[in-house]
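Enquirer: The following block contains the structure, expressed as structure tokens.
Any read-out appearing in this document is the output of simple, stated calculations on the displayed coordinates, not a laboratory observation. Keep in mind the model is a prediction, meaning the values are calculated, not measured. Methodologically, a virtual Cβ is constructed for each residue, glycine included, from the backbone with ideal geometry; neighbour enumeration extends over all protein chains shown.
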Amino acid sequence: MGCKQATIAVNSGSNIDEQYGCVVPPIYLSSTYNFTAFNEPRSHDYSRRGNPSRDVVQQVLAELEGGVGAIMTSSGMSAIHLLCTVFLKPGDLLVAPHDCYGGSYRLFDSLSKRGAYNVIFVDQADDHALKQALAQNPKLVLIETPSNPLLRIVDIQYICNLVHEAGALAIVDNTFLSPVLQKPLDLGADLVVHSCTKYLNGHSDLIAGAIIAKDPAIVEDLAWWANNIGVTGAAFDSYLLLRGIRTLSARVLLQQNNAAVIADYLQQQPQVKKLYYPGLKNHPGHDIALKQQKGFGAMLSFELDGNEQTLRRFLSALKLFTLAESLGGVESLISHTATMTHAGISAEARTQAGITDSLLRVSVGIEDSQDLIADLDNAFQAAATR
Ligand SMILES: *Cc1c(COP(=O)(O)O)cnc(C)c1O
């Protein structure tokens, strides 16, 4: 029907119950389904393979990303693992960003060491390095933009063209922006992967993942393997995820507006040594972001001027920003990269990636922006006084 994102998020899959006319799709918890007679199965036989609650949210996810089908999985990691299982055999090559999500890095690193497939990590903003990697005949290329935690941005359309010339498939991890702000399939990607745990659900109360594809044969293959290895999402999580998606557009736009106000404040704050936010004109990915994103998103990171004591004073004075990992929920979160999300990476590798010990990452929520700024202001004062 060609509706816009906000309409799809609210309307898709509603009013489908014929028995009672439920506006909200019912939740189907049954693990199994009776056969109408000998050798006469219904549309569903067992909930690992197919579940009506999961069907609905998969349809909505596919529409939001502009794909033909989606697979909802038990986590973002199981979605990424499923993609590798389907497309990579021993000896096949995966090209991944050098600064990809830590869990993805660990998955590729550990499984390649066991011979499941080969992986090269490359800085995809480095044209020469990217082309060198693509010359090695990869099967799959993972793109992640904006990246975590420095919000590095790469050109999806440009990279997808190179990937296709190399005869590979391009996957974009769209977790950091959600389909409201970026539509990778429209930019040439073959597949989109999400941690639905983040913006799509938006309420920090479930773990789930999704893959969206634009080729029906690939959707069918992914669905077969998802059932085969048993990584499909649960009925209750499907229900919760759909409920979260209903407010996706409203949430993301509010979060993005708040992030812009906070970035503006942080830019004028003398205790901020460095600010990473794609909305800044001097951010290296600003122009690409303008071209391929519908907004600058609600994630930012900054370096606090000072030592560990300064950091401790700052973090313990915050009342509205919770010190926690994850992102994309309605509540504002702050995390210390070196000891939290990137603690598994060596200090040397962190330094090489530009991640200092004073880097803080913020996922901006939907609270009142003036309250958030007052909270930050108070924490900066606490950090400065001993
Ligand atoms: C969180 C995250 C994942 C992993 O998803 P889980 O739902 O935690 O398994 C993958 N990619 C990105 C970019 C993420 O932020």
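Enquirer: As I understand it, the value is the acute angle between the Cα axis of helix 102-113 and the longest principal axis of the Cα atoms of the chain; what does it come to in degrees, rounded to 10?
Expert: Computed tilt is about 60 degrees.
Enquirer: What is the fewest-to-most order of Met299, Met77 by other Cβ atoms lying within 10 Å of their Cβ?
Expert: Met77, Met299
Enquirer: If I stretch the segment between Gln59 and Asn39 completely, what's the gain in nm (0.36 nm per residue apart, minus their alpha carbon distance), one decimal?
Expert: 4.4 nm
Enquirer: Taking the chain as a Gaussian network, Cα atoms linked when under 10 Å apart, which of Ser346, Ser12, Ser301 shows the biggest mean-square fluctuation?
Expert: Of the options given, Ser346 has the highest mean-square fluctuation.
Enquirer: Where nothing but the Cβ of Lys and Arg (+1) and of Asp and Glu (-1) is charged, how large is the charge dipole of the chain around its Cα centre, in debye to the nearest 20?
Expert: 340
Enquirer: Using a ≥ b ≥ c from the Cα gyration tensor of segment 195-344 (square roots of the eigenvalues), is it rounded, prolate or oblate, where a/c under 1.5 gives rounded and otherwise the larger of a/b and b/c decides, a/b for prolate?
Expert: The shape class here is prolate.
Enquirer: Then there is this: Once Lys and Arg get +1 and Asp and Glu get -1 on their Cβ, which of Pro179, Ala37, Val261 lies farthest toward the positive end of the dipole of the chain?
Expert: Most positive-ward Cα: Val261.
Enquirer: Additional query: Treating the beta-carbon of each Lys and Arg as +1 and of each Asp and Glu as -1, no other charges, what is the dipole magnitude of segment 68-213 about its Cα centre, to the nearest 20 debye? Can you show the working numbers first?
Expert: Details: 9 positive and 13 negative charges, 82 e Å.
That gives a dipole near 400 debye.
Enquirer: Take each of the peptides 365-376, 207-218, average the number of other beta-carbon atoms within 10 Å over its residues, and list them starting from the highest. Before the final figure, lay out the partial values.
Expert: Details: 365-376: 17.2, 207-218: 21.4.
Going from most to least packed, we get 207-218, 365-376.
Enquirer: Using a simple charge model, +1 on the beta-carbon of Lys and Arg, -1 on the beta-carbon of Asp and Glu, nothing else, what dipole does segment 223-342 show about its Cα centre, in debye to the nearest 20?
Expert: Approximately 240 debye in magnitude.
Enquirer: Going toward the positive end of the dipole of segment 279-370, with +1 on Lys and Arg Cβ and -1 on Asp and Glu Cβ, which of Ala343, Leu315, Ser326 do you reach last?
Expert: Sorting the options by dipole projection puts first Ser326.
Enquirer: Give a quick list of trypsin sites (Lys or Arg not before Pro) in segment 318-376 that DSSP marks as loop, anything other than H, G, I, E or B, with at most 16 other Cβ atoms within 10 Å.
Expert: Here the sparse-neighbourhood loop sites are Lys319.
Enquirer: Going through segment 85-159, which trypsin sites (Lys or Arg not before Pro) have at most 15 other Cβ atoms within 10 Å and a DSSP loop state?
Expert: Values: sites: Arg106, Lys113, Arg114, Lys131, Lys139, Arg152; in loops: Arg114, Lys139, Arg152.
Listed in order of number, the matching sites are Arg114.
Enquirer: Okay, next question. Could you order peptides 233-246, 29-42, 277-290, 88-101 by the average number of other Cβ atoms within 10 Å of their residues, highest first?
Expert: By packing density, highest mean first, the sequence is 233-246, 88-101, 277-290, 29-42.
Enquirer: Across 10 Å bins from the origin, how do the percents of Cα pairs in the chain run, short distances first?
Expert: Reading upward from the zero bin: 5, 23, 32, 24, 12, 3, 1, 0.
Enquirer: May I ask for the angle, rounded to the nearest 10°, between helix 308-317 and the longest principal axis of the chain, with both axes built from Cα atoms and the value confined to 0 to 90°?
Expert: Tilt of helix 308-317: around 60 degrees.
Enquirer: Any chance you could run the full-extension gain for Val68 through Asp126? It's 0.36 nm times the residue separation minus the Cα-Cα distance, nm to one decimal.
Expert: 17.6 nm
Enquirer: While we're looking at this one, here's another question. Please label the shape of segment 287-376 as rounded, prolate or oblate, based on the square roots a ≥ b ≥ c of the eigenvalues of the alpha-carbon gyration tensor (a/c under 1.5 means rounded; beyond that, a/b larger than b/c means prolate, else oblate).
Expert: Oblate, because a/c is 1.5 or more while a/b does not exceed b/c.
Enquirer: Using a ≥ b ≥ c from the Cα gyration tensor of segment 237-303 (square roots of the eigenvalues), is it rounded, prolate or oblate, where a/c under 1.5 gives rounded and otherwise the larger of a/b and b/c decides, a/b for prolate?
Expert: Taking the square roots of the gyration eigenvalues as a ≥ b ≥ c, segment 237-303 is prolate.
Enquirer: Build a GNM of the chain with springs between Cα atoms under 10 Å: which of Gln132, Gln255, Gln19 gets the top mean-square fluctuation?
Expert: Gln19
Enquirer: Oh, and also: Add -39500 (n - 2.57) for each DSSP H run of 4 or more in the chain, then divide by its residues: what number comes out at 222 nm, to the nearest 500 deg cm²/dmol?
Expert: Counting only the DSSP helices, I get -12000 deg cm²/dmol.
Enquirer: Share of antiparallel DSSP beta bridges in the chain, in percent to the nearest 5?
Expert: Of those bridges, close to 60 percent are antiparallel.
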